[in-house]
Structures are given as structure tokens and as C-alpha cells.
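Computed from the coordinates by the stated procedures, all read-outs in this text should not be read as laboratory data. Keep in mind the model is a prediction, meaning the values are calculated, not measured. We place every Cβ from the backbone using ideal geometry, glycine too, and count neighbours over all the protein chains shown.
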Amino acid sequence: MVMEAVEDIWDVDEPDRIANLALRFPELLTHEEQILWKMICTNGAVWRGWYQDYNHGNTEWRWKIDNESLDRVFLREHWDTFKQVANGTLDKSALPTWQKTGTPTSPSSDGSDPGDDIPF
């Protein structure tokens, strides 16, 4: 059982390894990794999600923190920035941004934008 967990968590790429550990065993993250993971979890650019109506026409980007919603390619591309912000060598303004408001959509089972399924 322990070996299976290790195999599921281990990856040669640091961003994937940290994400795997955080998603399965967050209590095993070091303090520095927890800071980094919190920053990742609160950055909507890294997650597939949907726009949710929260106040009669006002919408906000929402996402689930899970393996399917995490855009690992995007995370790898911006990993150094996340690490530098987490350790204080870069300002938070260097983090990737996302469109925080948009057209309301419903979450799909795979975490992608349901509008992606429209054939036109």
C-alpha cells in the first residue's frame, strides 16, 4: 500500500510531484510547500472551471481543487514564478492572471468549460 502511494505521488517534475502529494496527502507537505500549494489553489489561472452567477448577472470564475481540474501543463510553465513569489523573491503581481468574471456556465464532469462542447 505504501509503495502504491509512492508510485502515485513520485514524479521527476517538481510541480507534478508537489501537486500529487498535495492532492493525496496534504498533511505531508512541508511549511514551504504548504505556502506554495495555497498560492496555487487560490490562483484561478491554474484550474479548469466555470463562471458562476453569484448575484443576478454578476459572475465569478470558480474551480474545484482536484486532479482533473488542475492544468498541469500551465502549472509547469509558471512553476518558477510560483516558487519565486512563495519564497519572497518576486511580488504577487508576477503571478499569472485569469479573467475573474464572464458568462455563467455550469461545471462539467471533467472540470472543463461546458462551452467547449458546443460544435460551432
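Pull up the stretch 1-51, narrow it to residues that are polar (S, T, N, Q) and assigned to a loop (DSSP other than H, G, I, E, B), then point me to the one that is surrounded by the most Cβ atoms within 10 Å (Cβ to Cβ).
For the stretch 1-51, the residue satisfying everything is N43.
Show the residue pairs that are 6+ apart or on different chains and have beta-carbon atoms under 9 Å apart, the first residue being within the stretch 15-29 and in contact (Cβ under 8 Å) with a residue 60 or more places away in the chain, the second being among the aliphatic types (A, V, I, L, M) and in a helix (DSSP H, G or I).
If the second residue must be among the aliphatic types (A, V, I, L, M) and in a helix (DSSP H, G or I), the pairs left are P15/I40; P15/L75; D16/L75.
State yes or no: is D53 touching a residue at least 40 places away in the same chain (Cβ under 8 Å) and farther than 23 Å from L95 by Cβ?
yes
Among the residues of the stretch 65-85, how many are within 14 Å of K38 (Cα to Cα) and in contact with a Lys or Arg (Cβ under 9 Å, 6 or more places away or on another chain)?
Here the count works out to 2.
Just the residues that are of a type in the set (G, A, S), over 19 Å from T101 (Cα atoms) and exposed (fewer than 12 other Cβ atoms within 10 Å of the Cβ), please, taken from the stretch 52-89. Steps first, please.
We begin by selecting, within the stretch 52-89, every residue of a type in the set (G, A, S); these are 57, 69, 86, 88.
With over 19 Å from T101 (Cα atoms) added as a condition, the list becomes 86, 88.
Scanning the stretch 52-89 gives a single hit, G88.
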